[in-house]
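J.: This is the structure, below, for whatever I ask next.
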Amino acid sequence: MEYIGYFSSILIGVALGLIGGGGSILTVPVLVYLFAIEPVLATAYSLFIVGLTSAVGTVGYFKKGLVNIKTATVFGIPSIIAVFTTRAYIVPAIPKEVFTVGDFMVTKNLLMMLLFAVIMIAASYSMIKKDKKNIEEKSEEQKFNYPLILIEGAIVGVITGLVGAGGGFLIIPALVILSRLPMKEAVGTSLVIIAAKSLIGFFGEGGENGINWQFLFIISAFAIVGIFVGTALSKKIDGNKLKPAFGWFVLVMGIYIITKELFLK
């Protein structure tokens, strides 16, 4: 299973490089089901892997001038604060046995996996649906809707802190709609935000779990290889055309996780 896990780690990077978001949502299932890491620790590991991979992925976008620093700052600050607070205080505060219904006990690990599956299903919808209007190359004067950006940034930060996903499927549409960024610039800016909040969130851990640094760097290395492959493929393949198919895959994975966690144990 480990070899499948390493190959899947490459695919995480490929998805990030090719479609700009959604790839990180595969990290926790890979860690839990292929490497047998318990869910709470897997969400922490995911933050590091996603953060480091996204940071490497931003280099090409910086070179092309496709990162909007002002937008990354405005959106990133509330997101970073939210993810740090979530990992440092909220996640450690969740009891190991959350509640019991009859003979069925909802544990912290089960709750995290079910929440993650719900996020996967929500992410799949955003990838499957077709955009009605093309705003790819439309250049407009940038205007910030600060209240909505602050709220969205905080929500994405909490989600990232809880489930360890980068949240690109939420960030990119927000940057396009709320910050009026062209799509390619939104992808580059999103990677910067994901890198910053994921790594800061990881180091905001309460320290209840030991970190296997060697394992983390190995998986991150595979994902980084993948993001270079994905970026190269994006020059020949339109990632937006592949996004719906990837969305269906994420939807199936989300349903599988719910089924496995509730009925197949």
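J.: Outside any helix (DSSP H, G or I) and farther than 29 Å from ILE237 by Cβ: which single residue out of ILE90, ILE37 fits that description?
T.: Sole residue among the options that is outside any helix (DSSP H, G or I) and farther than 29 Å from ILE237 by Cβ: ILE37.
J.: Further question: Just one of LEU47, LEU34, LEU52 is touching a helix residue (DSSP H, G or I) at 6+ places or on another chain (Cβ under 7 Å) and within 20 Å of ALA123 (Cα to Cα); which is it?
T.: Matching residue, one of LEU47, LEU34, LEU52: LEU47.
J.: Taking the condition of being at pLDDT 85 or above and open to solvent by 10 Å² or more (accessible area, probe 1.4 Å), how many residues in region 1-25 meet it?
T.: Counting residues in region 1-25 that are at pLDDT 85 or above and open to solvent by 10 Å² or more (accessible area, probe 1.4 Å) gives 8.
J.: Evaluate the following for VAL250: is it open to solvent by less than 50 Å² (accessible area, probe 1.4 Å), touching a residue at least 40 places away in the same chain (Cβ under 8 Å) and part of a helix (DSSP H, G or I)?
T.: Yes: the conditions hold for VAL250.
J.: Residue check: is ALA122 at pLDDT 85 or above, among the hydrophobic types (A, V, I, L, M, F, W, C) and in contact with a Pro (Cβ under 6 Å, 6 or more places away or on another chain)?
T.: no
J.: May I pose another question? Going through region 220-265 one residue at a time, which ones are under 16 Å from the mean Cα position of the chain (by Cα) and of a type in the set (A, V, I, L, M, F, W, C)?
T.: Of everything in region 220-265, those that are under 16 Å from the mean Cα position of the chain (by Cα) and of a type in the set (A, V, I, L, M, F, W, C) turn out to be ALA223, ILE224, ILE227, PHE246, PHE249, VAL250, LEU251, MET253.
Table: residues versus (1) of a type outside the set (D, E, K, R); (2) surrounded by 24 or more Cβ atoms within 10 Å (Cβ to Cβ).
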| position | (1), (2) |
| --- | --- |
| ILE171 | yes, yes |
| LEU178 | yes, no |
| ILE200 | yes, no |
| PHE222 | yes, no |
| LYS235 | no, no |
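J.: When region 253-265 is examined, which residues are found to be surrounded by fewer than 16 Cβ atoms within 10 Å (Cβ to Cβ) and either among the aliphatic types (A, V, I, L, M) or assigned to a helix (DSSP H, G or I) (or both)?
T.: Within region 253-265, ILE255, TYR256, THR259, LYS260, LEU262, PHE263, LEU264 meet the criteria.
J.: Taking the stated definitions as given, is GLY207 closer than 20 Å to THR43 by Cβ, open to solvent by less than 80 Å² (accessible area, probe 1.4 Å) and modelled with pLDDT under 85?
T.: yes
J.: May I pose another question? Based on this model, can you work out whether LEU111 counts as open to solvent by 50 Å² or more (accessible area, probe 1.4 Å) and either within 28 Å of ALA55 (Cα to Cα) or modelled with pLDDT under 90 (or both)?
T.: Answer is no for this residue.
J.: With respect to TYR3, is the statement that it is farther than 26 Å from VAL118 by Cβ, in a helix (DSSP H, G or I) and either without any contact (Cβ under 8 Å) to a residue 24 or more places away in the chain or touching a strand residue (DSSP E or B) at 6+ places or on another chain (Cβ under 7 Å) (or both) true?
T.: yes
J.: Okay, next question. Being assigned to a helix (DSSP H, G or I) and closer than 19 Å to LEU31 by Cα is the filter here; which residues of region 154-168 pass it?
T.: The answer is ILE159, THR160, GLY161, LEU162, VAL163.
J.: Quick one: would you say PHE99 is at negative phi, among the aromatic types (Phe, Trp, Tyr) and not in a helix (DSSP H, G or I)?
T.: Judged against the criteria, PHE99 is a match.
The values are calculated or read from the model by the stated rules, or taken from the named source; none is laboratory data. No experiment lies behind these values; they were computed from the predicted model shown. Every residue, glycine among them, receives a Cβ derived from its backbone with ideal geometry; neighbour counts consider all protein chains shown. These area figures cover heavy atoms from the full protein model, side chains too; ligands, DNA and RNA do not enter into them. Shrake-Rupley method; radii C 1.70, N 1.55, O 1.52, S 1.80 Å.
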